[in-house]
1. Summing +1 for each Lys or Arg and -1 for each Asp or Glu, what net charge is found among the other residues whose Cβ lies under 12 Å from the Cβ of Thr8?
2. Among Thr123, Thr212, Thr251, whose mean-square fluctuation peaks in a Gaussian network model of the chain (Cα, cutoff 10 Å)?
3. Rounded to the nearest 5, what % of DSSP beta bridges with both residues in the chain are antiparallel?
4. Heavy atoms of the protein only, probe of 1.4 Å, neighbouring chains included. What is the accessible area of Ile19 in Å², nearest 10?
5. Only helical DSSP H runs with n ≥ 4 go in: add -39500 (n - 2.57) per run for the chain, normalise by residue count and round the 222 nm mean residue ellipticity to 500 deg cm²/dmol.
6. Which percent of Cα-Cα pairs in region 1-145 sits in each 5 Å bin, short to long?
7. Enter the Cα centre distance for the pair region 90-163 and region 47-89, rounded to the nearest angstrom.
8. State the percentage of accessible surface on region 93-157 attributable to carbon and sulfur atoms; use a 1.4 Å probe and exclude ligands, DNA and RNA.
Amino acid sequence: MARDTLITCRCLCKSYHDIQHGERVVALDNLTLEIPRGEFVTVIGPSGCGKTTLLNIVAGFERPDSGEVLVENQPIQEPGADRGVVFQEYALFPWLTLRQNVEYGPRERGVPPAEAREIVERTLRLVSLQGAENRYPHELSGGMRQRAALARVLVNDPKILLMDEPFAAVDAQTRAALQREVARLWAETGKTVLFITHSVEEAVLLGDRVVTMTTRPGRIKADVAVSLSRPRDPTSPTFNDYRRAIEQLLTDAGTAASTEKPG
Ligand SMILES: Nc1ncnc2c1ncn2[C@@H]1O[C@H](COP(=O)(O)OP(=O)(O)O)[C@@H](O)[C@H]1O
Ligand SMILES: [Mg+2]
């Protein structure tokens, strides 16, 4: 059965005024993208090509100059509970324990305490953080903090997860563990994910589709369906074929040297 479209980005244009150089910077130029419900889409492209701008517009943090984003056919005007955003920096309150951090959302929404506690416990189990409830953020490892940030978002049960290079700041081993975790969470929860990355390997490892963007102004260069079964093995020959193909697309975008730098 064909899956219905959950997110539609239609002809998005966005430019900024660069005060320092006194010029207009076109961040997105007529970008159109459709994401079916339940799909995991990774977006990769050179630094400064407009990836964060795209994510911020879908999140409702920024408005496009023209074009629109629809979620379930409704235009997005502002941030909403249907979209949870995970950034590279862990968005945790340092003065609250892990449990209090995760409880924050449900409390703000007025969920009764007993129910909130149950949702929080379930969410902490989902991200494998049970047992660490009473620790403060500084007592958690980088990987645990990023899982905690994920829990803060998942506890509100958004339909959509928007992730902007969430694992760019952690070490390689932690990153691999977090990638497995996100792939499992996605499979278990059926969320729709828009995941921005700088890493070709990460893009192929996680995405049903890898969308590559061109150097500014950001347009879609290619949209590659990844038909590898999960869990995926980055050392397999077919995985490498995808990796090579996407690296080539990025090279053609004029950016081979910058594809692995976070930004
Ligand atoms: N608030 C802003 N003011 C001015 N320029 C901006 C602003 N946000 C982004 N830009 C510019 O828009 C372009 C795209 O930025 P961004 O979406 O952050 O790229 P990416 O996430 O792909 O690295 C960059 O040239 C950046 O400098
Ligand atoms: Mg960015």
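The values are calculated or read from the model by the stated rules, or taken from the named source; none is laboratory data. Bear in mind that the values here come from a model prediction, so they are computed numbers and not experimental data. Neighbour counts are summed over all protein chains in view; Cβ atoms, including those assigned to glycine, are modelled from backbone coordinates with ideal geometry. Protein only, heavy atoms only, side chains kept; ligands, DNA and RNA dropped before computing areas. Shrake-Rupley method; radii C 1.70, N 1.55, O 1.52, S 1.80 Å.
1. Working: positive: Arg10, Arg37; negative: Asp4, Glu34, Glu68, Glu72.
Its environment carries a net charge of -2.
2. Highest fluctuation among the options: Thr251.
3. Details: 22 of 41 bridges.
Once the DSSP bridges in the chain are tallied, antiparallel ones form about 55 percent.
4. Solvent-accessible area, nearest 10 Å²: 150 Å².
5. Values: 7 runs with 88 residues, N = 263.
Calculated at 222 nm, the ellipticity per residue is -10500 deg cm²/dmol.
6. Here the calculated profile for region 1-145 is 2, 8, 14, 16, 14, 14, 14, 11, 6, 2, 0, 0.
7. 23
8. On the way: 1630 of 3420 Å².
So the carbon and sulfur contribution to the accessible surface is 48 percent.
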